[in-house]
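A quick write-up on the structure given underneath.
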Amino acid sequence: MSDLISTQRRGSFAWIQLTAPRSNALTPEFGVALADAVREAGGDRSYAAIAITTTARNFCTGADISVLDAVGNDPLEEENFAGLGRIYELFCVMQRSPIPIVAGVGGKVLGAGINLALACDLRIAADDLDVRGFGVAGVHPGGGHLRMLDRNLAPGWGAAVALFGQRIDASTAATSGFAIRTVPRTELVEAVLGVAAAAGDDPALARKVTESLRASQRTDLTPEAGVLLERASQLWSLRRKAQFTGSAATRTVSQKVEPSA
């Protein structure tokens, strides 16, 4: 266990809990820790699925302010570029997982936090859900965000979130395609673990079906291509904000939400 995530076995699935600071604000260190946990679970042939929940009030408040400020000041500096890449690699690792991932998503889900949710195969929403896109930070989306919106959300909702700053909440979570259903916050973890357990007690079969599903999606942009398609424009927008506003505009509302519980 670390101060970023914890993992435990629950029968035929791995349960990963997100415990990172500032409501799971995305940092390179958090990205590496979670990617390693997903890889480890995927490499264990006795697992049929992964369940992801969080101990925080908010599922993910987007990229950490320090990451945004550093990239905004010098987006092509080697460590800044690589650090953002480690976060984006997490989303690719999750979408390549050989076993399915279900997540419990509640509270605020901001900017790249949407990527973290949509990189999972399935989501169950809590009744306090509040999803808002990259417009919160005033920067171009990144990390394959637009690809994931188009692939996962119902027609019209990708444009609503990315272009018009519309929110997804508990009342629209299912109709938008963001989640399969909404449950009371107190029931979220139990619901997620129940779905993960339903992946079955035959891990070999679960992996084969997951492999076939991944293959059926290969006419779509790959996760890596989605990241590359957006990256230059996002770096341009981050640098532009830093130049004109002293990077203040890159600060997300993650500053305003309560730290992880």
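Quick notes
- Hits in the stretch 49-88 (condition: small (Gly, Ala, Ser) and touching a Leu at 6+ places or on another chain (Cβ under 8 Å)): ALA51, ALA56, GLY62, ALA63, GLY72
- Within the stretch 1-45, the set of residues being assigned to a loop (DSSP other than H, G, I, E, B), acidic (Asp, Glu) and closer than 21 Å to VAL195 by Cα comprises ASP44 only.
- Restricting ASP121, ASP128 to residues that are among the charged types (D, E, K, R) and either over 14 Å from the mean Cα position of the chain (by Cα) or over 25 Å from LEU193 (Cα atoms) (or both) narrows the list to ASP128.
- Pick from the stretch 46-80, criterion of a type in the set (Gly, Ala, Ser) and not in a helix (DSSP H, G or I), ranking: farthest from LYS108 (Cα to Cα): SER46
- Any chance VAL195 is modelled with pLDDT of 95 or more, more than 17 Å from GLY111 (Cα to Cα) and surrounded by 15 or more Cβ atoms within 10 Å (Cβ to Cβ): yes
- Some residue of the stretch 233-244 being at pLDDT below 50, within 26 Å of LYS108 (Cβ to Cβ) and basic (Lys, Arg): no
The values are calculated or read from the model by the stated rules, or taken from the named source; none is laboratory data. What you are looking at is a predicted structure, and each value in this text was computed from that prediction instead of being measured. Note that each Cβ is placed from the backbone with ideal geometry, even for glycine, and that neighbours are counted across all protein chains shown.
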